[in-house]
Amino acid sequence: MRGAPTMAFALLLLFFMDIATSKSDDWRERQGIGQPKVSHLHFYFQGVLTGPNPTSVLVAELNSTQASPTSFGSIYVHDDLLTEGPNLTSKLIGTVQGIEVVSSQTELSVTMALNFVFTGGEFNGSTLTVVGRNPILQDVREMPVVGGNGVLRLAQGYALLRTISFDAAAVTVEYNVTVIHC
C-alpha cells in the first residue's frame, strides 16, 4: 500500500510530461519551426581599417584612452565584409555589422556585438548574432552565438576565431561556427 501513492504520482507526472511535450511540438508546428538542426559554417571576417572606404571605424574614445596601453574605452562600428576565403578578393557571402568596445584596462580585449548578415550561399537572407568578450591576442578565441534568423532561426552555439592577419590597414579573422537552429 505504501507504494500506491508513489506510483500514482509517477503516472500523473508522466501524463503531464506527455501533454507538455505534445504542446511543445504543436507550438513549433504553429510557428513554422522545424526540428533542431546542427550546422557548421566556415568563413572569414575582412575588416578594412584605412583608405577611402574603411569598414571598421573608431567612433568614440575617452580623454584617457590615448594614455591607456590597451586603448580602453575606444568604441568601433563595423560594416565589414564576410568572405568564403581568407583573401579580400574571395567570394563575398555577406557583411558583419555591429559594435566593438575595448573593455579591459589590463589586456587587449574587446566586448563585441556583431550581426553576420548572409547575402549569398546556403544561408542567404539569414543572420547570426555573436555577443561576448574577445581577448584578441589569444591564438584561438571562443565566442557565443546567441541568436539568428531566416534559415538560422533561434540559433545558439559557438564560434572559434583565429586571426589570420592584422596590420594598420586591414584585419582578417577566420570563423569556424557550430550552431543548433530550427
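Coordinate-derived values only; no laboratory data. Everything numeric here is computed off the predicted structure, so don't read it as measured data. Cβ: placed from backbone, ideal geometry, glycine included. Neighbour counts: every protein chain shown.
Take peptides 158-171, 36-49 and line them up by average Cβ neighbours within 10 Å, highest first, as a rough protection proxy. All intermediate terms of the calculation are to be shown ahead of the outcome.
Numbers: 158-171: 14.6, 36-49: 17.2.
Highest mean packing first, the order is 36-49, 158-171.
Among I93, T83, T127, which residue has its Cα furthest toward the positive end of the charge dipole of region 34-181, with +1 on Lys/Arg Cβ and -1 on Asp/Glu Cβ?
Toward the positive end, the furthest listed residue is T127.
Applying 1/(1 + (r/R0)^6) with R0 = 35 Å to the Cβ-Cβ distance of T178 and T70, what FRET efficiency is obtained, to the nearest 0.05? Kindly include the intermediate steps, with their values, before the conclusion.
Values: r = 30 Å, r/R0 = 0.86.
Rounded to the nearest 0.05, the efficiency is 0.70.
Given R₀ = 30 Å, what would the calculated FRET efficiency be for L58 paired with N124, taking r from the Cβ atoms and rounding to 0.05? Please list the in-between numbers first.
On the way: r = 31 Å, r/R0 = 1.04.
The formula returns an efficiency of 0.45 here.
Could you tell me the calculated FRET efficiency between T163 and Q35, based on Cβ-Cβ distance and R0 = 25 angstrom, to the nearest 0.05? Walk me through the numbers before you get to the answer.
Working: r = 36 Å, r/R0 = 1.44.
Rounded to the nearest 0.05, the efficiency is 0.10.
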